Structures are given as C-alpha cells and as structure tokens.
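Enquirer: I am attaching a structure below and will ask some questions about it afterwards.
The values are calculated or read from the model by the stated rules, or taken from the named source; none is laboratory data. These numbers come from a predicted model, not from an experiment. Positions of Cβ are backbone-derived with ideal geometry, glycine not excepted, and every protein chain shown enters the neighbour counts. The area values use the complete protein model at the heavy-atom level, side chains included, leaving out ligands, DNA and RNA. Shrake-Rupley method; radii C 1.70, N 1.55, O 1.52, S 1.80 Å.
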Amino acid sequence: MKIRKLHSRLVFAFGLLLIVVQIIFLVSINTVLSKSTHDDIRLSLTAGELVFNLLREDNTQQLVQSSSILSSDFAFRGAIASGDSATIASALSNHGARIDADLMMLVGTDNRLIADALQTNPAGSQFEFPELIERAESQGRASAMVMAGDRLYQMVVVPVRAPLPIAWLVLGFHIDEKFAGNLKTLTTLDVSFLSRRRSADRWQMLASTLPKATALELTHTLPAVPTLSPASTLAVAGEDYVTLSSRLETREDITMVAVLQRSLHQALTPLRRLQMILLMVSGLSLLAALLASDRIARSITRPLRELSSLAEYIQRGDYSRTAATDRVDEIGSLAIAFNHMNTGLAAREARISDLAYRDQVTGLPNRRLFNDRLKQALGVVQRTGTQFSVLLMDLDRFKEVNDILGHGSGDQLLKQVGERLQSSLMRDSDTVARLGGDEFALLLPGSDAAGAINVAQKLLICLEEPVLLEGQKLIAGGSIGIVTCPEQGDQNEVLLRRAEMAMYVAKRNNSGYVVFDPIYEEQDEQHLSLMAELRHAVDHGELRLFYQPKVDIASSTITQAEALVRWKHPRRGLVPPNLFIPYAENTGFIRAITRWVIEEALRQRRIWEEQNLPLTISINISARDLINTELPELFAGLMRTYDAAPYWLSLEITESAIMGNPGRAMTILARLHAMQLHLSIDDFGTGYSSLAYLKKMPVSEIKIDQSFVTNMETDKDDATIVRSTIDLGHNMGLAVVAEGIENAATMQMLSDMGCDLAQGYYISRPLAADDFVRWAEASPWKLVRKD
C-alpha cells in the first residue's frame, strides 16, 4: 500500500527505522552477551586448567621436598643399608602420615619393592612403573600421574643416595573426590578425572564433582580422543557443557585425562533475564517514538511547500525570490539558509568564471584563457589565411626579488608589470596574459614579425621605468621571444615552444628580444644529442687533455701547463669545449667531467714526475664544482692514489663562479688551500672584480683575461688595464699570469710591465702530452728537469 501523506510516511519511516534499529540492537546485544558469556567460560576453563596445573605442581613440590627430607635421613639410609624392614616401614608410614601421602614405597635398585606403607604390594614384587625410575636416574627425580590398580595417583620418585643411589623412594597423592572438590572450590568449575584402557569401549570415571548420573553419562559421551581446546561444547545428560580436556598421562595401554566443565544453562541464565528487560524497554521506547515522530512530522510538512517552490526557482537559475524567515525554529533557519544559498550561488557562479580564466595576482588572463584565444586565432588563420604573432616574455631579476624582498614584493612586481604591459597594447583584440611564475605572453592578431618587433621594443621601453618595491627602485628588465603564425608554426604547442626557445636565446644574448629562427631548434637538438653522447664519451675514453704551456717571463722557463679538455667524437671529429661544457654545467654532469680531468691530469703528472719534469698543471674549476662540498675529498682521494705533491696542481677559478655563492665558495677554497693546493683567479677583470672578496680569497695568483691582453699593443686602454692589474696583483702579493699573447711585441710589453707568467699562441697552441714534451725540448724556452 502506497502512503501518500508526508507526515504519515515520516511516522512510518521513523517507526520502521526504530524497529529495525531495536532488532539490530537486541540481536547485537544478545550476540555480544552470548559471545561474552562463552568467552568468560573459556577464560575460566583456561584459568581452571592453570590452577589445576599449579595445584599439581604444588603437590609435586610437596612430595619432592618431603621425599628429599626422608631420603637424606641418616637413620633411614642406615636401615636401607642394613635391610631393617621394620624401621623402613615405620619411617615410610610416619613420614607419609605427616604429609597426608596416600602412597609410600621404597624400591630397590633392581626395581623390586623393598617396602610399601599401605602393604598393597608384597615385598620383592616388581615395581609397576620402571620408566619413572629410568627418568629419575637421568633427571634426578621423576613425577607423573599414574594408575595403580583402579586408583589415580600423583606420584614422585626420588633416589636415596649414599652417595650413589641405594634405593628409590616413591610417594604419591590419591586423586579422588576430595581432590576434585578442592579444585572446584578454587575454580568454580566441575572437574572429572577419567581413564581409558586401549581395549575398553568407554571411559572409567575415577573422580568427579558432577552428579553421579551426569558423571556416568560423561563416561559414555566423552570421545575416545577428547579435544584439548576450551571451544567445544559437549551434551551430557541433556545439558550442554563447555569442556576443556587436559591429558594427564598416556601410556601404551591407558590414557588419563582431567575434564573441566561449565554448564551453559547456568552461565546463560542471567542473560535470559536481561533479554526480557531489554525487550520490554524496546517496546515502550517504540511507542513513545511513534507518538513523538507524528508530532514532529506535522510541524515539518506545513512550511515545506514554500521551500520546495523556492528550490524549483533556484534550480532554474532564478535567484530573485526569497523565503519567509518569520519562524525561529529549524524551519526558519532552513529558510534563512535557502536565502544565503540563493545569494551565494549567484556570487560563486561569477567567481568560478573569474577563477577559471583570470590570474589572481595580476588580474590578467591566465594560461587557460590565453590558450583558448590562441586556438581561436589559429582557427581564424586556417579560415581566412591571415597571420598573428605571439610574444613570450620572462622577467630578468624576478628570482632575486622573491629571495631578497619576499614573495609579497614579487607579487607586487608582477602586478605592476602586468599593468604596464596592458597599457602598452593599443588594440582591444590584443591579449596579454600571465602564464605562471614571471612568464607573460602576448597574442597580437593580424600582426606580422615587424609589428611584433615594434610591440616588443615598446614593452622593453616601458619596463625600463623603475619599479618601487619596499622603498627600493628596481628596473624590471625582460627577455622576449617572438614567433609568427603560420610562418613559424601552426599549432598551439609548437608556437609556444618556439617562442620560449627564442626567449631563452634573448636572455643568453642579453638582447632584449629575439625572433625565432629554425637554427635555434637545430642547435637545441644538436646540444641534446651531444649531452646524450657525452656520458658515453666519458665512459669510453673519447675525452682528451691538451696542455698549453706557461712561461716564466723573467727566466724564459717553462714552469706550468694548463690542461684543456677536448672531445674527440667518432663522427663529429674534435668538438670544442664551448659546445658541451656549458650544457654539462647546467645538467650537473660537469662533476663527472671534472673528476675525469683531475684524474687524467694526475696520471700525466705522474708520468712527467718519472721523467723528472717538475711542471705544475693548471685545472679549470667550474661554478658547479665550486659549490660541491665533496670537491676537497675528491682531490685528496685522487692525490693519494697517484702519490701527488700539492705543487703538482694549480686550480683556476673564475670570479663569476665565486660570486655565484660566495659563502660556500669561500669555504671550499679555504679547504683546498689547507691542502696546500695552488689557487688562481681566472679571467680576472671580466667578472665582478670585487676587491673585498679578492683580499679574502686564499689565492696566490691572478690571470688577466685575454680580451685585455690580445689588443694591448694597439689599444692604450687595454694596456693601461693590464699594467694596473699587474701592479694590483703584485701589491697584494700575488703572481700575475697573462693569457692570449699573440706576438713578440705583446710579450715584450708584458716583460717590461713586470708580468710573471705568459700564455698564448705566440708561445704554443694546446698540445697532446707527448707532443708537449717534444715541443718543450725543441722550443726557445728552457725546460728544466730535476737533478
């Protein structure tokens, strides 16, 4: 039957739900209580077994202690030695009475009975349990549950020594109804002791706390191999018992067990009473809930029609209507919530649209909106055959602003740059967007390369105006890459990739803007190919070291040689270092190359050492190497390998490499200096030329860059710079090296200025190691060998 009224459905639903919950509750409670009862029984059975075992152990200890006292009695041992049967029997009887022992025997070393206090076995008869005597011989004592006749005993066998065993003392307690009753008193469990001979068809009851009829039934019900776990339920005389069987002893012909039991009916009786109480409480609570749910349902259904109507308007997108809020209960709160939802949905729809397509920092279109407009522009080009240009711009010093002034200042810089870019555009159809980070993009529909260049120049000019951040003026320069569609691509990803490629060329060349050229793509592919082959080159011996000599100008002596790495490519021929060293530095692979250069230079220097050539080899250290904290350990390990002296090597470091991370660089230089390695500043005058850092550096030499030396003969300014640098170096206690010497006139000028060392093509080009030695021996400059 279908219920049409809402309040009736609510009452029915509440009632049905409560009935289901109560049924689940009652079933769960019953299951939990039943399980808890079973668990309690099992725990009590396990505890009872523990108590039984402890009681057995206590009896065993009592028997052992008592027998030890008797066996150590001098008079008793004397009676045994003399064969005084009366004294032995009296001692056994008296001692057994003191400990309430039910079994007192003395067995000879031939396993024959000497005396029995109960006189149940005649003297001279064979002891029934020889295996216990064997165990006592090996372990010093033996204990076991045994059947003597039809009675169950807990028996202990200990030796009587004088000092070797002269007899065996046997004591035991009878496991009877009294013992079982004591165990029940301790555990509140029923306990039965049973035995079964192999030939028998049922168990024999030895002692039990069960009623006699139940105990008799147990001898028929208990399985031939009883379970040893407390989880089994056994029906005995029409009543269920949870049982735990503990095997006492098993011999070839007889098995003895103790069975601990708890009646399920008695354990579950309190549960039945609790179930009846819970059932009555559930019935009363159901009636009360039905009455309450009827009243609640009536108060809900009346105002719901108005809210339902409002929800339909909201569903259609009409947010102009509101619900009445004159109620002060939950329905009134729901009406207020509907009104807030109405207003919130309208605001969020506008906000979602804004978030999907606008950058939150600059307010400019984001990457998603720019890509959409770029796709639209591509569609227009395909339909009409027109063209457009894309400009990709990256700020030059944005990372420094974030690192030094913080991300808040970085966001402020991006906002101001976005405003300037927006104001520089003249047409509404143009789009400027922030793609992410410090990267901006411009879409110029209908613009060719010339028009894009004009816009790029305007953008760079507008960025030259200083930006005020944290009270500091900053010029936000940029680098721009330009592509034109369809000449340089007709796909979204291709255009953006090529614009980015041109942008990085502009950044490297510091040219402001660059129009994409296909050669850039070819160069990048070539560089990627070279980088993939460079690792193979290091591993397969394609790198070579060439050595360019350095001459001491005053003595015309060859004292040093600079190691210069070359790549002998199997297909490309000799690859100059400027084609692979910069990319190796960017990828971090320069460390592997540096290690190879150091090891190869030391290997060659070891050869020259054996040829008595005391030359110092200069090695160039890159910026990436200089921030490697493992560099000193690398030098130390390789120098130990080649047994090298510190003067074998001179390390040349550029100023820019030091200034990239001055703190770490100074730490690495200090560690290298502590190893007594010779340190030199390479290309001095082309970097930061910071005298504040120069005076702190542990260097002993500066090297004037060849850009000043090569033209000093004809350029007075270069000559002045060289002379000033030589004087500066000498005044600071440093040796000065000039590189790039092309002729004798330049060599003479440097000699007149007091320069210390000279290097250049005038002296020699870089040479392979063998060619270097041959050239040195034939050159006009002296090659001094060790004596």
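Enquirer: Can you compute 3J(HN,Hα) from phi for each residue in the range 614-630, using the Karplus curve 6.51 cos²θ - 1.76 cosθ + 1.60 with θ = phi - 60°, rounded to whole Hz and x for Gly and Pro?
Expert: x, 8, 9, 9, 8, 10, 7, 10, 7, 4, 5, 5, 6, 9, 8, 5, 8
Enquirer: May I ask you to derive the relative contact order of the range 719-787, considering only C-alpha pairs under 8 Å and at least 6 residues apart, and to give it as an integer percent?
Expert: 26
Enquirer: If you don't mind, another one. Can you work out D for the range 393-491 in µm² s⁻¹ from Stokes-Einstein, where Rh is the Kirkwood radius over C-alpha pairs, the temperature is 10 °C and the viscosity is 1.306 mPa s?
Expert: In µm²/s, the coefficient is 111.
Enquirer: Here's something else I'd like to know. If you take all C-alpha pairs in the range 665-757, what percent of them are over 19 Å apart?
Expert: Summing the P(r) tail past 19 Å for the range 665-757 gives 39 percent.
Enquirer: At a 1.4 Å probe, what is the % contribution of carbon and sulfur to the accessible area of the chain?
Expert: Ligands and nucleic acids excluded, carbon and sulfur give 53 percent.
Enquirer: Give the longest segment of the chain that steers clear of GluC sites (Glu not before Pro) in DSSP loops with at most 13 neighbouring Cβ atoms within 10 Å, not counting the sites themselves.
Expert: Answer - 1-251.
Enquirer: Counting helices only, and only those DSSP H runs with n ≥ 4, report the 222 nm mean residue ellipticity of the chain as the sum of -39,500 (n - 2.57) divided by its residues, in deg cm²/dmol to the nearest 500. Spell out each step's value before the answer.
Expert: Details: 25 runs with 405 residues, N = 787.
My calculation for the chain gives -17000 deg cm²/dmol from helical runs alone.
Enquirer: Pairs 507/568; 696/782; 507/703; 415/458: which are spaced more than 25 Å apart, C-alpha to C-alpha?
Expert: Listed pairs above 25 Å: 507/568; 696/782; 507/703.
Enquirer: If 42, 273, 202 are ordered by their accessible area, calculated over protein heavy atoms with a 1.4 Å probe, which sequence runs from highest to lowest? Numbers along the way, then the final one.
Expert: Numbers: 42 75, 273 145, 202 100 Å².
So, going from the largest accessible area down, we get 273, 202, 42.
Enquirer: If you average the C-alpha positions of the range 147-212 and of the range 13-83 separately, how far apart do those two centres end up, in angstrom?
Expert: Each part reduced to its Cα centre gives a spacing of 18 Å.
Enquirer: Using only alpha carbon pairs under 8 Å that are at least six residues apart, calculate the relative contact order of the range 62-156 and give it in whole percent.
Expert: 16
Enquirer: Which of the lysines could a cross-linker span from residue 35 if the Cα-Cα distance has to be under 23 Å and same-chain partners fewer than 8 positions apart are dropped?
Expert: none
Enquirer: Just the number, please: Stokes-Einstein D of the range 1-139 in µm²/s, Kirkwood Rh from C-alpha pairs, 25 °C, 0.890 mPa s.
Expert: 116
Enquirer: How much length would be gained if the chain were fully extended between residue 461 and residue 25, taking 0.36 nm per residue of separation minus their Cα-Cα distance, in nm to one decimal?
Expert: Taking 0.36 nm per residue and subtracting the Cα distance, the gain is 149.0 nm.
Enquirer: Another question, then. May I ask you to list the lysines whose Cα is less than 26 Å away from that of residue 178, ignoring any residue fewer than eight positions away on the same chain?
Expert: Qualifying lysines at Cα under 26 Å: 212.
Enquirer: In addition: Would you mind checking which residues have amide H under 5 Å from residue 210's amide H? H placed 1.01 Å from N; only 5 or more apart, or other chain.
Expert: 191
Enquirer: Could I ask something else about it? At R0 = 41 Å, how high is the FRET efficiency between residue 185 and residue 125 if r is their beta carbon distance? Nearest 0.05 is fine.
Expert: Calculated value: 0.60.
Enquirer: OK, next. Give me the percent relative contact order of the chain, please, defined on Cα pairs under 8 angstrom at least 6 residues apart.
Expert: Numbers: 1213 pairs, mean separation 52.7, N = 787.
For the chain, the relative contact order is 7 percent.
Enquirer: Based on Cα positions only, what radius of gyration and what Dmax would you give for the range 114-182, in angstroms?
Expert: In order Rg, Dmax, the Cα atoms of the range 114-182 give 13.1, 42 Å.
Enquirer: To continue, here is another question. Tell me, what HN-Hα J-couplings in whole Hz come from the Karplus equation 6.51 cos²θ - 1.76 cosθ + 1.60 at θ = phi - 60° for each residue of the range 462-471, using x for Gly and Pro?
Expert: Residue by residue, the range 462-471 yields 5, 7, 6, 5, x, 9, 8, 10, 6, x Hz.
Enquirer: Additional query: Using the Karplus curve 6.51 cos²θ - 1.76 cosθ + 1.60 with θ = phi - 60°, what ³J(HN,Hα) values do you get for each residue of the range 384-389, in whole Hz, with x for Gly and Pro?
Expert: 10, x, 7, 9, 8, 10
Enquirer: With the Cα gyration tensor of the range 88-134 in hand, give its eigenvalues times 5 under a square root as the equivalent ellipsoid semi-axes, listed largest first in whole angstrom. Intermediate results must be reported in sequence, preceding the final value.
Expert: Working: eigenvalues 72, 25, 15 Å².
One finds semi-axes of 19, 11, 9 Å for the range 88-134.
Enquirer: Accessible area per residue for the chain in Å², computed with a 1.4 Å probe and the full protein assembly in place, what is it?
Expert: So the chain comes to 52 Å² accessible per residue, rounded to a whole number.
Enquirer: Still on this structure, please answer the following. Rule-of-thumb check for the chain: C-alpha Rg over 2.2 N^0.38 Å?
Expert: 1.89
Enquirer: Report, for the chain, the % of DSSP beta bridges that are antiparallel, rounded to 5.
Expert: The antiparallel fraction comes to roughly 75 percent.
Enquirer: Amide H of residue 562 versus every other amide H placed in the peptide plane: which residues, excluding those fewer than 5 positions away on the same chain, fall under 5 Å?
Expert: Residues meeting the criterion, in which the H sits 1.01 Å from N, are 548, 550, 618.
Enquirer: Between residue 355 and residue 212, how many nm apart are label points set 7 Å from Cα along the C-beta direction?
Expert: For the pair residue 355/residue 212, the computed spacing is 8.9 nm.
Enquirer: Kirkwood-based Rg over Rh for the range 150-243 (C-alpha set), two decimals?
Expert: On the way: Rg = 17.3 Å, Rh = 15.5 Å.
My calculation puts Rg/Rh at 1.12.
Enquirer: So, taking all protein chains as they sit and a 1.4 Å probe, how much accessible area belongs to residue 783, in Å² rounded to tens?
Expert: 40
Enquirer: Still on this structure, please answer the following. Counting only the heavy atoms of the protein chains, how much of residue 178 is accessible to a 1.4 Å probe, in Å² to the nearest 10?
Expert: 150
Enquirer: Next question, about the same structure. For 596, 608, write out the residues from largest to smallest accessible area, computed with a 1.4 angstrom probe and no ligands counted. The partial results should precede the final answer.
Expert: Numbers: 596 50, 608 0 Å².
I get 596, 608, largest accessible area first.
Enquirer: Between residue 202 and residue 777, with labels modelled 7 Å along Cα→Cβ, what's the label distance in nm to one decimal, could you check?
Expert: Simple spin-label model gives 11.9 nm for this pair.
Enquirer: So, one more: Could you pull out every residue, at least 5 positions away or on a different chain, whose amide H is within less than 5 Å of the one on residue 387? Hs are placed 1.01 Å off N in the peptide plane, and Pro or chain starts have none.
Expert: Long-range HN contacts for residue 387: 446.
Enquirer: Further question: Could you compute Rg(Cα) / (2.2 N^0.38 Å) for the range 441-569, with N its residue count? Each step should come with its number before you reach the end.
Expert: Working: Rg = 22.8 Å, N = 129, 2.2 N^0.38 = 13.9 Å.
Dividing the Cα Rg of the range 441-569 by 2.2 N^0.38 Å gives 1.64.
Enquirer: With every protein chain left in place, what is the accessible area of residue 642 in Å² (1.4 Å probe, nearest 10)?
Expert: Accessible area, nearest 10 Å²: 50 Å².
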